[in-house]
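The values are calculated or read from the model by the stated rules, or taken from the named source; none is laboratory data. Owing to the predicted nature of the structure, the values given are computational and were not obtained by experimental measurement. Here the Cβ positions follow ideal geometry from the backbone for every residue, glycine too, while neighbour counts run over all protein chains shown. Note: areas computed on protein heavy atoms with side chains; ligands, DNA, RNA excluded. Shrake-Rupley method; radii C 1.70, N 1.55, O 1.52, S 1.80 Å.
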Amino acid sequence: TENGMLPIVAPDGRKAWKTYARPFDGDTTGPRIAIIMTRMGVSRSLTKAAAGILNPNISFSFSPAATNLDSQAAMAQRAGHEIFLDIPMEPVGYPTNDPGPLTLLTSLGTANNLSRLEKALGRTEGYAGVIGVNGSQFTTDEEALTPILTILKNRGLMYVDSAATSRTIALEIADSIQLPRAVANTNIDDNPAITEIERRLAALERAARRTGYALGVFPPLPLTIDLLATWTSTLSDRGFTLVPATAIANRQSLR
C-alpha cells in the first residue's frame with residue numbers, strides 16, 4: 001500500500017499473530033508469565049543490549065517513530081524474540097501529554113485514525129501484533145476504539161492492552177469480535193526505582209499464581225534490562241514459566 005507492506009490473513013487462513021509468534025512448547029501446567037518490552041528501537045544501542053542478554057521468550061514491541069526500524073526488528077528476531085508494534089493512543093491530558101504524530105485520537109474521526117494506524121503498521125514487517133501505549137482516554141471510548149480493533153482482527157493481528165487506565169474497555173470489545181488479546185497486569189514507567197521494579201515483579205508473580213497467567217510491560221532502560229535478565233533467570237526455580245506474549249493470548253480473564 002502507499003503506507004508500505006501491511007499484514008493480511010492469507011488465503012489458506014494463516015494469520016500474523018500465529019505465523020510470527022515465537023514457538024512455545026514448554027511447560028503448560030504451571031503459572032505462565034509474559035514480558036513485553038515496549039518502545040524498542042528508539043535507541044539502537046539499547047535494542048542491541050536487550051537482544052543480546054534477555055531471554056528470547058521476552059517479546060519486543062517497537063516504536064513506529066524508531067529509525068532503521070527494519071534492521072532493528074530483524075536484529076531482535078535473529079536473537080529469537082517475537083516482535084510487536086507500539087500503537088500510540090490518546091492519553092488523558094492530551095495535548096499536554098502528546099505521544100506523537102501517529103497518536104490515535106478520540107477527536108480525529110474513524111477515517112483519520114485508520115490512516116494513522118496504517119502508517120504505523122506499514123513501518124516494518126513480521127510482527128505478531130500491536131500493543132496500545134498510553135491510551136488512558138482512547139481505550140475508554142467505544143466509538144473510537146471499535147474500528148481500530150476490528151481492523152487489527154481483520155489483519156490477523158493480536159492486540160495487547162497496556163492497561164493505561166482501569167476503565168479500559170478494549171478487552172471486552174476484543175473478546176466480542178474474537179480479536180486475540182492480552183492485558184498488562186503491571187506497567188513500569190520511564191523513571192523506575194529499583195525497589196518499585198522489584199515490587200511490581202513480585203506482584204506479577206502473585207498474579208500468575210492466582211490466575212495462571214500474567215503479563216508485564218517494561219521500558220527499555222539499562223536498569224530494567226539488567227533486572228529482567230537476572231529475574232527471569234530464576235523464574236523456573238520458583239515454579240514459573242516465562243513465555244512469549246502470544247502464548248497467553250485469550251488466556252486472561254476480562255477483569
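Once you keep just the Cα pairs under 8 angstrom separated by 6 or more residues, what percentage relative contact order results for the chain?
On the way: 513 pairs, mean separation 70.1, N = 255.
Reported as a whole number, the value is 27 percent.
Distances over 33 Å make up what percent of all Cα-Cα pairs in the chain? Walk me through the intermediate numbers first.
Working: 3818 of 32385 pairs.
In whole percent, the long-distance tail amounts to 12.
Over region 64-128, what is the relative contact order in percent, taking alpha-carbon pairs closer than 8 angstrom and at least six residues apart? Provide the component values of the computation, followed by the final result.
Numbers: 56 pairs, mean separation 25.7, N = 65.
So the answer I get is 40 percent.
For the chain, take the longest principal axis of its alpha carbons; what is the angle in degrees between that and the long axis of helix 194-211, to the nearest 10 within 0 to 90?
90
Give me log10 I(q)/I(0) at q = 0.18, 0.20, 0.25 Å⁻¹ for region 22-109, Debye formula, one equal scatterer per alpha-carbon, no solvent.
Taking Cα atoms of region 22-109 as identical point scatterers yields -0.82, -0.91, -1.15.
Compute the Kirkwood hydrodynamic radius of region 157-219, taking the inverse of the mean of 1/r over all pairs of distinct Cα atoms, and give it in Å to one decimal. The partial results should precede the final answer.
Details: mean 1/r = 0.0785 Å⁻¹.
Taking the inverse mean of 1/r over all distinct Cα pairs, region 157-219 comes out at 12.7 Å.
Can you pull the one-decimal nm distance between simple spin-label points at residue 107 and residue 43, each 7 Å off the Cα toward Cβ?
Each label point is offset 7 Å from its Cα along the Cβ direction, giving 3.3 nm.
Would you kindly calculate the translational diffusion coefficient of region 183-255, applying Stokes-Einstein with the Kirkwood radius from alpha carbon pairs, for 37 °C and a viscosity of 0.692 mPa s, and quote it in µm² s⁻¹ without decimals?
Rounded, D is 255 µm²/s.
Amide H of residue 85: which non-local residues (sequence gap of 5 or more, or other chain) have their own amide H closer than 5 Å, using H built in the peptide plane?
When sequence neighbours closer than 5 places are left aside, the close amide H contacts are 62, 129, 130, 131.
If I model a spin label as a point 7 Å beyond the Cα along the Cα-Cβ vector, how far apart are those points for residue 234 and residue 68 in nm?
3.5
Go through region 164-169 residue by residue and turn each phi into a ³J(HN,Hα) via Karplus (6.51, -1.76, 1.60, θ = phi - 60°); whole Hz please, and just put x for glycine and proline.
Taking θ as phi minus 60°, the curve returns 5, 8, 6, 8, 4, 10 Hz for region 164-169.
With a 1.4 Å probe and every protein chain kept in, tell me what percent of the accessible surface of region 83-189 is carbon plus sulfur. Display every interim value, and only then the final one.
Values: 1780 of 3980 Å².
For region 83-189, the apolar C and S fraction of the accessible surface comes to 45 percent.
Only helical DSSP H runs with n ≥ 4 go in: add -39500 (n - 2.57) per run for the chain, normalise by residue count and round the 222 nm mean residue ellipticity to 500 deg cm²/dmol.
Working: 8 runs with 85 residues, N = 255.
Helix-only estimate at 222 nm: -10000 deg cm²/dmol.
Hey, what do the phi angles of region 46-62 turn into as Karplus ³J(HN,Hα) couplings, whole Hz, using 6.51/-1.76/1.60 and θ = phi - 60°, x for Gly and Pro?
6, 4, 5, 5, 5, 5, x, 10, 7, 3, x, 6, 7, 8, 10, 10, 9
Can you tell me, using C-alpha contacts under 8 Å and at least 6 residues apart, the relative contact order of region 1-112 as a whole percent?
Values: 123 pairs, mean separation 22.6, N = 112.
So the answer I get is 20 percent.
Keeping every protein chain present and rolling a 1.4 Å probe, give me the accessible area per residue for the chain in Å². Don't skip to the answer; put the middle values down first.
Numbers: 11270 Å² over 255 residues.
It amounts to 44 Å² per residue over the chain.
Return the long-range amide H neighbours of residue 213 (sequence gap of 5 or more, or a different chain), with a cut-off of under 5 Å between placed amide H atoms.
32
In degrees, nearest 10, range 0 to 90: what is the angle between the Cα axis of helix 69-78 and the longest Cα principal axis of the chain?
30
Over the Cα atoms of region 81-180, compute the convex hull volume and normalise it per residue, giving Å³. List each step's numbers first, then the result.
Details: hull volume 9.4 nm³, N = 100.
Cα-based convex hull of region 81-180, divided per residue, equals 94 Å³.
Compare the Cα positions of 53, 93, 117 along the charge dipole of region 1-151 (+1 at Cβ of Lys, Arg; -1 at Cβ of Asp, Glu; about the Cα centre) and return the one farthest towards the positive end.
It is 53, whose Cα lies furthest towards the positive end.
I'd like the orientation of helix 110-121 relative to the chain: the angle between its Cα long axis and the longest Cα principal axis, in ° from 0 to 90, rounded to 10.
With rounding to tens, the tilt is 50 degrees.
Can you list the residues, at least 5 places off or on another chain, whose amide H is less than 5 Å from the amide H of residue 242, using H built in the peptide plane?
Correct list: 33.
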